1. Is at least one residue of the stretch 149-158 free of Cβ contacts under 8 Å to residues at least 40 places away in the same chain, crowded, with 18+ Cβ neighbours inside 10 Å and in a loop (DSSP other than H, G, I, E, B)?
2. Looking at I104, I150, I142, which is the one that is among the hydrophobic types (A, V, I, L, M, F, W, C), more than 10 Å from the ligand (Cβ to nearest atom) and at pLDDT 95 or above?
3. Can you confirm whether D110 is under 19 Å from the mean Cα position of the chain (by Cα), at pLDDT 95 or above, more than 21 Å from L45 (Cα to Cα) and not basic (K, R)?
4. Can you tell me which residue within the stretch 19-51, out of those that are in contact (Cβ under 8 Å) with a residue 60 or more places away in the chain and aliphatic (A, V, I, L, M), is surrounded by the fewest Cβ atoms within 10 Å (Cβ to Cβ)?
5. Looking at E95, is it away from the ligand (no atom under 16 Å from the Cβ), over 19 Å from the mean Cα position of the chain (by Cα), at pLDDT below 95 and part of a helix (DSSP H, G or I)?
6. Go through the stretch 99-118 and count every residue that is free of Cβ contacts under 8 Å to residues at least 24 places away in the same chain and assigned to a loop (DSSP other than H, G, I, E, B).
7. Considering every residue within the stretch 78-89, establish whether at least one is among the hydroxyl-bearing types (S, T, Y) and under 15 Å from the mean Cα position of the chain (by Cα).
8. Given (1) touching a residue at least 60 places away in the same chain (Cβ under 8 Å); (2) under 27 Å from E21 (Cβ atoms); (3) buried (at least 16 other Cβ atoms within 10 Å of the Cβ), identify the lone condition not met by N189.
Amino acid sequence: MNILLIGIQGCGKGTQAKLLEERFGWKHITTGNLLRENFENKTELGIIAKKFMDAGELVPDKYVFQIVEDALAKVDEGSILDGFPRNMEQLRFLEKNFTIDKVILLDLSDEKAIERVSSRRNCIDCKKDYNLLYHKPKVEGICDVCGGKIVQRDDDYEDAIKKRIEKFYKETSEVITYFNEEGKLIRVNADDPIDTIQANIIKALDV
Ligand SMILES: [Zn+2]
(Lines give C-alpha, C1' and ligand atoms only; values in the text may rest on other atoms or scores of the structure.)
Protein backbone atom coordinates (compact mmCIF):
# COMPACT_ATOMS: atom_id res chain seq x y z
CA MET A 1 0.00 0.00 0.00
CA ASN A 2 1.35 3.40 -0.97
CA ILE A 3 -0.36 6.33 0.63
CA LEU A 4 0.03 10.07 0.60
CA LEU A 5 -0.61 12.20 3.69
CA ILE A 6 -1.59 15.73 2.87
CA GLY A 7 -2.64 18.75 4.93
CA ILE A 8 -1.64 22.21 6.07
CA GLN A 9 1.18 22.73 8.54
CA GLY A 10 0.18 21.75 12.07
CA CYS A 11 -2.25 19.04 10.92
CA GLY A 12 -0.11 16.28 12.46
CA LYS A 13 1.04 14.53 9.26
CA GLY A 14 4.46 13.64 10.63
CA THR A 15 3.04 12.15 13.84
CA GLN A 16 0.49 10.04 11.95
CA ALA A 17 3.10 8.91 9.41
CA LYS A 18 5.40 7.70 12.21
CA LEU A 19 2.59 5.72 13.83
CA LEU A 20 1.67 4.08 10.51
CA GLU A 21 5.33 3.29 9.82
CA GLU A 22 5.68 1.59 13.22
CA ARG A 23 2.50 -0.41 12.79
CA PHE A 24 2.70 -1.55 9.17
CA GLY A 25 6.38 -1.21 8.30
CA TRP A 26 5.65 1.17 5.45
CA LYS A 27 8.50 3.56 4.78
CA HIS A 28 7.88 7.18 5.80
CA ILE A 29 9.13 9.30 2.93
CA THR A 30 9.70 13.04 3.20
CA THR A 31 12.05 14.91 0.91
CA GLY A 32 13.78 16.35 4.00
CA ASN A 33 14.53 12.86 5.35
CA LEU A 34 15.69 11.60 1.96
CA LEU A 35 18.04 14.54 1.48
CA ARG A 36 19.47 13.96 4.94
CA GLU A 37 19.97 10.22 4.28
CA ASN A 38 21.68 11.01 1.00
CA PHE A 39 24.10 13.46 2.67
CA GLU A 40 24.88 10.98 5.40
CA ASN A 41 25.55 8.18 2.91
CA LYS A 42 27.56 10.61 0.75
CA THR A 43 25.69 9.66 -2.42
CA GLU A 44 26.36 11.65 -5.57
CA LEU A 45 22.93 13.27 -5.34
CA GLY A 46 23.41 14.01 -1.65
CA ILE A 47 26.63 15.87 -2.35
CA ILE A 48 25.03 17.91 -5.15
CA ALA A 49 21.97 18.72 -3.04
CA LYS A 50 24.10 19.80 -0.08
CA LYS A 51 25.83 22.45 -2.19
CA PHE A 52 22.47 24.11 -2.84
CA MET A 53 21.39 23.86 0.78
CA ASP A 54 24.70 25.24 2.07
CA ALA A 55 24.20 28.21 -0.25
CA GLY A 56 20.74 28.71 1.27
CA GLU A 57 19.01 27.73 -1.98
CA LEU A 58 16.23 25.24 -2.65
CA VAL A 59 17.41 21.98 -4.16
CA PRO A 60 16.19 22.02 -7.82
CA ASP A 61 13.29 19.69 -8.58
CA LYS A 62 15.24 17.48 -10.96
CA TYR A 63 17.54 16.37 -8.11
CA VAL A 64 14.70 16.01 -5.63
CA PHE A 65 12.84 13.87 -8.19
CA GLN A 66 15.83 11.57 -8.63
CA ILE A 67 16.22 11.17 -4.89
CA VAL A 68 12.52 10.34 -4.50
CA GLU A 69 12.63 7.93 -7.44
CA ASP A 70 15.63 6.06 -5.98
CA ALA A 71 13.87 5.75 -2.61
CA LEU A 72 10.59 4.54 -4.11
CA ALA A 73 12.39 1.92 -6.20
CA LYS A 74 13.53 0.34 -2.92
CA VAL A 75 10.08 0.28 -1.30
CA ASP A 76 8.63 -3.20 -0.87
CA GLU A 77 6.11 -3.28 1.99
CA GLY A 78 4.63 0.08 1.19
CA SER A 79 5.25 3.76 1.68
CA ILE A 80 3.83 6.83 3.32
CA LEU A 81 4.56 9.92 1.29
CA ASP A 82 4.49 13.04 3.45
CA GLY A 83 4.50 16.47 1.82
CA PHE A 84 5.34 15.18 -1.68
CA PRO A 85 3.84 15.55 -4.27
CA ARG A 86 2.46 18.93 -3.27
CA ASN A 87 1.87 20.33 -6.78
CA MET A 88 0.79 19.00 -10.19
CA GLU A 89 4.29 18.97 -11.63
CA GLN A 90 5.54 16.71 -8.86
CA LEU A 91 2.44 14.56 -9.17
CA ARG A 92 2.92 14.04 -12.93
CA PHE A 93 6.52 13.06 -12.32
CA LEU A 94 5.59 10.60 -9.60
CA GLU A 95 2.79 8.93 -11.49
CA LYS A 96 5.04 8.00 -14.40
CA ASN A 97 6.45 5.04 -12.50
CA PHE A 98 4.51 4.86 -9.28
CA THR A 99 0.94 4.51 -8.08
CA ILE A 100 -0.49 6.18 -5.01
CA ASP A 101 -3.30 3.96 -3.72
CA LYS A 102 -4.96 6.27 -1.23
CA VAL A 103 -4.64 9.89 -0.15
CA ILE A 104 -5.41 10.95 3.40
CA LEU A 105 -6.30 14.60 3.75
CA LEU A 106 -5.85 15.62 7.39
CA ASP A 107 -8.46 18.32 7.64
CA LEU A 108 -7.72 21.18 10.02
CA SER A 109 -9.09 24.71 10.07
CA ASP A 110 -6.65 27.56 9.45
CA GLU A 111 -7.41 28.96 12.92
CA LYS A 112 -6.49 25.68 14.64
CA ALA A 113 -3.33 25.30 12.56
CA ILE A 114 -2.23 28.83 13.44
CA GLU A 115 -3.01 28.22 17.12
CA ARG A 116 -0.93 25.01 17.17
CA VAL A 117 2.04 26.23 15.17
CA SER A 118 2.26 29.63 16.85
CA SER A 119 2.45 27.82 20.21
CA ARG A 120 5.67 26.07 19.21
CA ARG A 121 8.82 27.06 21.08
CA ASN A 122 12.43 25.89 20.92
CA CYS A 123 15.42 26.01 23.24
CA ILE A 124 18.08 28.28 21.71
CA ASP A 125 20.84 26.06 23.13
CA CYS A 126 19.86 22.38 22.79
CA LYS A 127 17.07 23.02 20.21
CA LYS A 128 14.53 20.93 22.12
CA ASP A 129 10.95 21.41 20.87
CA TYR A 130 8.14 22.58 23.14
CA ASN A 131 4.53 23.52 22.53
CA LEU A 132 2.66 25.78 24.94
CA LEU A 133 -0.57 23.85 24.23
CA TYR A 134 0.64 20.29 24.79
CA HIS A 135 4.15 20.30 26.13
CA LYS A 136 5.07 23.33 28.19
CA PRO A 137 8.44 23.65 29.92
CA LYS A 138 8.23 23.20 33.72
CA VAL A 139 9.46 26.76 34.28
CA GLU A 140 8.15 29.37 31.88
CA GLY A 141 10.73 30.36 29.25
CA ILE A 142 13.41 27.95 30.53
CA CYS A 143 14.43 24.63 28.91
CA ASP A 144 13.77 21.55 31.10
CA VAL A 145 16.83 19.80 29.72
CA CYS A 146 19.62 22.37 29.65
CA GLY A 147 18.26 25.51 31.36
CA GLY A 148 18.60 27.46 28.10
CA LYS A 149 16.24 30.18 26.99
CA ILE A 150 13.09 29.14 25.11
CA VAL A 151 12.16 31.22 22.08
CA GLN A 152 9.72 31.30 19.19
CA ARG A 153 11.27 30.76 15.75
CA ASP A 154 10.58 33.41 13.06
CA ASP A 155 8.80 30.73 10.99
CA ASP A 156 6.34 30.10 13.82
CA TYR A 157 4.90 33.61 14.01
CA GLU A 158 1.36 34.04 12.76
CA ASP A 159 2.19 35.98 9.58
CA ALA A 160 4.72 33.39 8.43
CA ILE A 161 2.28 30.54 9.11
CA LYS A 162 -0.50 32.32 7.20
CA LYS A 163 1.80 32.72 4.21
CA ARG A 164 2.60 29.00 4.19
CA ILE A 165 -1.08 28.06 4.49
CA GLU A 166 -1.88 30.34 1.56
CA LYS A 167 0.90 28.73 -0.48
CA PHE A 168 -0.41 25.27 0.40
CA TYR A 169 -3.91 26.05 -0.92
CA LYS A 170 -2.54 27.70 -4.04
CA GLU A 171 -0.23 24.79 -4.93
CA THR A 172 -1.98 21.78 -3.52
CA SER A 173 -5.69 22.36 -4.19
CA GLU A 174 -5.29 20.92 -7.69
CA VAL A 175 -3.62 17.80 -6.30
CA ILE A 176 -6.49 17.32 -3.83
CA THR A 177 -9.10 17.81 -6.57
CA TYR A 178 -7.26 15.34 -8.81
CA PHE A 179 -7.26 12.56 -6.20
CA ASN A 180 -10.86 13.31 -5.26
CA GLU A 181 -11.88 12.76 -8.88
CA GLU A 182 -9.84 9.53 -8.96
CA GLY A 183 -11.87 8.33 -5.97
CA LYS A 184 -8.74 8.01 -3.84
CA LEU A 185 -9.23 10.88 -1.40
CA ILE A 186 -10.14 10.22 2.23
CA ARG A 187 -10.82 13.15 4.55
CA VAL A 188 -9.97 12.69 8.21
CA ASN A 189 -10.71 15.27 10.91
CA ALA A 190 -7.30 16.36 12.22
CA ASP A 191 -8.78 18.16 15.24
CA ASP A 192 -9.35 14.84 17.10
CA PRO A 193 -6.88 13.28 19.58
CA ILE A 194 -3.85 11.57 17.95
CA ASP A 195 -5.15 8.02 18.69
CA THR A 196 -8.59 8.76 17.24
CA ILE A 197 -7.07 10.19 14.07
CA GLN A 198 -4.86 7.10 13.70
CA ALA A 199 -7.84 4.75 14.22
CA ASN A 200 -9.88 6.68 11.64
CA ILE A 201 -7.05 6.47 9.10
CA ILE A 202 -6.66 2.72 9.59
CA LYS A 203 -10.41 2.20 9.32
CA ALA A 204 -10.61 4.27 6.14
CA LEU A 205 -7.67 2.42 4.56
CA ASP A 206 -9.31 -0.90 5.43
CA VAL A 207 -6.00 -2.57 6.37
ZN1 LIG B 1 17.72 23.23 26.06
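1. no
2. Sole residue among the options that is among the hydrophobic types (A, V, I, L, M, F, W, C), more than 10 Å from the ligand (Cβ to nearest atom) and at pLDDT 95 or above: I104.
3. Yes.
4. L19
5. Spelling it out, E95 is indeed away from the ligand (no atom under 16 Å from the Cβ), over 19 Å from the mean Cα position of the chain (by Cα), at pLDDT below 95 and part of a helix (DSSP H, G or I).
6. So the count comes out to 0.
7. Yes; the residues of the stretch 78-89 include at least one that is among the hydroxyl-bearing types (S, T, Y) and under 15 Å from the mean Cα position of the chain (by Cα).
8. If we test N189 against (1) touching a residue at least 60 places away in the same chain (Cβ under 8 Å); (2) under 27 Å from E21 (Cβ atoms); (3) buried (at least 16 other Cβ atoms within 10 Å of the Cβ), just (3) comes out false.
The values are calculated or read from the model by the stated rules, or taken from the named source; none is laboratory data. Quick caveat, the model's predicted, so the values are computed rather than measured. Here Cβ is always computed from backbone atoms with ideal geometry, including for glycine, and neighbour counts include all displayed protein chains.
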